[in-house]
C-alpha cells in the first residue's frame, strides 16, 4: 500500500464513493446525514474549494491500482484566546477507509500522511473530529495519540 496525493480527476469515482460510504456509515449514528446521490458531488466540490482556501491536501491510500481510502487535511487558525504558539493548527476533516480493508492499517497510514504534511508546515498541533456515537473511530484516533480536546453539544429546538 502507498499513500499519495489525490488526483481529483483520476480518483473522482473513488472519492465520490468514499463520501457516500461515509454518509451511509454516519447515518446509522447520526440520521441527519443526506443519502441522496447528489450529496457526494456537492460535498466534493465544496471540499476542493475549501482546500484551496485553507491550503489543504487530499491523500489517498492505494494498493494494486485500487484506491482504498482517503484523508483530507487543511490549515486553520484558532481564536485569539488560544496561546499564539498553538493558534495555527492542522485539521483532518475527512477520513474514510473502504470496509473491506478496515483494520489493516490504512487509516493509520492516512493519518500519518496528514501528520507528516502538518509537520512539514511546522504546525505544533493537529486535530481530528469524530461523531460522539462513533466509538470505534474515537478509539482508533486515541490509539494514534489523539486525546479529547473539545466537546460540542446540540439541542434540537422544536
* Read through the list (1) part of a helix (DSSP H, G or I); (2) more than 22 Å from residue 103 (Cβ to Cβ); (3) without any contact (Cβ under 8 Å) to a residue 24 or more places away in the chain, then give the number of the only condition that residue 142 fails. => (2)
* To do: Scan the range 82-94 residue by residue and report those that are over 11 Å from residue 125 (Cβ atoms) and modelled with pLDDT of 95 or more.
  => 92, 94
* Asked: Here is a list of conditions, (1) within 30 Å of residue 156 (Cβ to Cβ); (2) touching a helix residue (DSSP H, G or I) at 6+ places or on another chain (Cβ under 8 Å), and residue 70 meets all of them except one; can you say which number that is?
  -> (1)
* Kindly indicate whether any position in the range 121-129 is surrounded by fewer than 18 Cβ atoms within 10 Å (Cβ to Cβ), under 15 Å from the mean Cα position of the chain (by Cα), at pLDDT below 95 and in a loop (DSSP other than H, G, I, E, B). => yes
* Structure fact -> With criteria (1) loosely packed, with under 11 Cβ neighbours inside 10 Å; (2) part of a helix (DSSP H, G or I), residue 148 comes up short on (2)
* Can you tell me which residues in the range 112-130 are within 22 Å of residue 61 (Cβ to Cβ) and touching a helix residue (DSSP H, G or I) at 6+ places or on another chain (Cβ under 8 Å)? -> 126, 128, 130
* To do: Could you check residue 70 against (1) more than 15 Å from residue 12 (Cβ to Cβ); (2) within 12 Å of the chain's Cα centre (by Cα) and say which number it fails?
  => (1)
* Where in the range 1-114 are there helices (runs of 4 or more DSSP H), lying fully within it, with 2 or more residues that are touching a strand residue (DSSP E or B) at 6+ places or on another chain (Cβ under 7 Å) and buried (at least 16 other Cβ atoms within 10 Å of the Cβ)? -> 12-27, 38-53
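The values are calculated or read from the model by the stated rules, or taken from the named source; none is laboratory data. All values reported here derive from a predicted model rather than from experimental measurement. Note that each Cβ is placed from the backbone with ideal geometry, even for glycine, and that neighbours are counted across all protein chains shown.
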